[in-house]
Amino acid sequence: MLQESNRVELKESLNDKLEKEIVAFLNNHEGGVLYIGVDDAGNPIQLPDLDSLQLKIADRIKNNILPLTLGLFDIVTEVIDGISVTKIIISSGLEKPYYIKNKGMSPNGCFMRLGTSTQPMPTALIDELYSKRIHTTLRNILAPRQDLTFAQLKIYYQERGLELNNRFAQSLELLTTNGQYNYIAYLLADENGVSIKVAKYAGIDKVDLIENEEYGYCSLIKATNQVLEKMKIENVTKAKVTSTKRMEKNLVEPVPLREALINAIVHNDFSREIPPVFEIFSDRMEFTSYGGLISGQSREDFFSCSSMPRNRELMRVFKDVGLVEQLGSGMSRILKYYDKDIFTISDHFIKVVFPFSDKNTIDGMEKDTNQVESGVINGTINVDGIINGTINGTINDIDEEKKVIVANMVENPHVTIKAMSSYTGYSVRKVNRIIKELKELGIVERKGANKTGYWEIKK
């Protein structure tokens, strides 16, 4: 059951204290989570029109708090005991102190978290944090060129049903204080001088280089998708051919691979003009992101799954276009499958090493192949390590593709169509077709609105 803590606050309904609580979590070293629709005892309360409520919350956070909070919060729907409530995930901000705009940078407007309560921030601490405020963010670094175009960026937004108006550069914080394009704009532009390197070696060291590809000189979103597609191809090993199908197995669990790859890009310190590097060996994959830990961030913070984005503007855009699902979720997805020791953290870089699993040999896959082909899933569903969830009853008559989609929904009831497409490698059209068939079979049902709803697996 939910209970309040230094990182968790519960509210029965939306009230005039929203900004106060958000500011406290922005100033908190670990960020925090605010639930709307949960009483002090942790019991959910059914609130009307969650979509409208969440729009009001987003508007108040964006307009009533300074410095700007875009990219630092996420609003999602969570189901507790069958009741949908609103969950606000707040990242620890890099530009502390944060304050309520109409109250000013004073104890009346600045707040901090002490245990389970929110308290005014002392003037001395306000002054100390302000003196340490980080000004060398990408937002304040001038783009190397100013003749930038953003056709690719607009297409990615359109694919999500979003339109960028004539003021998108201001709203996405792509301008410096004097109105020129900043380095964030440069990274997202149609043409730039940034590329991401993907190297492949024949053995376990760097002696025999067999591939050296560069993806970039275009919008960082396009480059990220290209690297994702490349690593998806490299992450498949042919396992077994049966009379009816070819079974394949991943060298690395696909979900943490994807999350680590995106984290390496979106949290890279581009101010050093060093892009992340992705390397493939005969026994492992290595992803290296430059910059080390964020100032003030500890190893415990890094692994605690609390989001402290180095490049919050990039994080916001990546979330808008569907590359990031939810703030702070990436690390938890990785640690669900792998131990912390796959990470190497130094002052100047963070490296994650994914060893190829021994179970992914052809011999080791015989058992998995037989289980899939049996056509029976009772109790625990386990599809290529994607999910380990429980469904009451027996699903005998659905094929492997349907099982993979069901597994995605069990793992994350709020998963989007596009995310399922990315995770599975199926096209968006194919995912939609499979979901339609699952609905007709009475196996899955969509609950709530398109943006805030969730998938329910029929028991």
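Derivation of every value follows stated rules applied to the coordinates shown; laboratory data play no part. Please read these numbers as outputs of a predicted model, since none were measured by experiment. Cβ sites come from the backbone with ideal geometry, for glycine too, and all protein chains shown count toward neighbours.
Assorted remarks:
- Multiplying the residue separation of K447 and E12 by 0.36 nm and removing their Cα-Cα distance gives an extension gain of 154.4 nm.
- Between S332, I45, L148, the Cα set farthest toward the positive side of the dipole of the chain (charges on each charged residue's Cβ, about the Cα centre) is that of L148.
- The stretch 73-167: C-alpha gyration tensor shape, a/c 1.5 cut-off, then a/b vs b/c: oblate
- Selection from L188, V198, L220, by position along the positive dipole direction of the stretch 169-240 (Cβ): V198
- What you get for the stretch 160-207, charging only the Cβ of Lys and Arg (+1) and of Asp and Glu (-1), is a dipole of about 200 debye around the Cα centre.
- Given R0 = 22 Å, the distance between the Cβ atoms of S282 and S346 translates into a calculated FRET efficiency of 0.30.
- Label-zone membership for the stretch 316-358, site R160, 7 angstrom Cα→C-beta point, backbone N under 12 Å: 316-327
- Lys, Arg +1 and Asp, Glu -1 on Cβ, resulting dipole of the stretch 1-119 about Cα centre, debye, nearest 20: 540 debye
- Cα→Cβ-extended label distance, 7 Å offset, between K436 and L175, nm: 4.5 nm
- Ignoring aspartates and glutamates fewer than eight residues from K436 along the same chain, the ones with Cα atoms less than 17 angstrom from its Cα are D397, D399, E400, E401, E445, E456.
- Overall form of the stretch 99-245 per C-alpha gyration tensor (a/c, 1.5; a/b vs b/c): prolate
- The residues D40, D81, when put in order of fewest to most other Cβ atoms within 10 Å, stand as D81, D40.
- Selected from N235, P97, I274, residue furthest toward positive end of dipole (the chain; charges at beta carbon): P97
- Förster-model FRET efficiency, 56 Å R0, A124 and A202, C-beta, rounded to 0.05: 0.40
- Charging the Cβ of each Asp and Glu at -1 and of each Lys and Arg at +1, and nothing else, the dipole of the chain about its Cα centre rounds to 780 debye.
- Computed helical MRE - 222 nm, the chain, DSSP H runs ≥ 4 contributing -39500 (n - 2.57), nearest 500: -9000 deg cm²/dmol
- Averaging the sequence gap over all C-alpha pairs within less than 8 Å and six or more residues apart, then dividing by the number of residues, gives the chain a relative contact order of 11 percent.
- Separation of the alpha carbons by more than 27 angstrom is noted, of K87/K336; K222/K403; K17/K87; K232/K447; K403/K447, for K222/K403; K232/K447.
- Local electrostatic count at I141 - Lys and Arg +1, Asp and Glu -1, tallied over other residues with Cβ under 12 Å: -1
- Two numbers describe the Cα atoms of the stretch 1-158: Rg and Dmax, which are 17.6, 56 Å.
- Antiparallel bridge percentage (DSSP; both residues within the stretch 54-158; nearest 5): 100 percent
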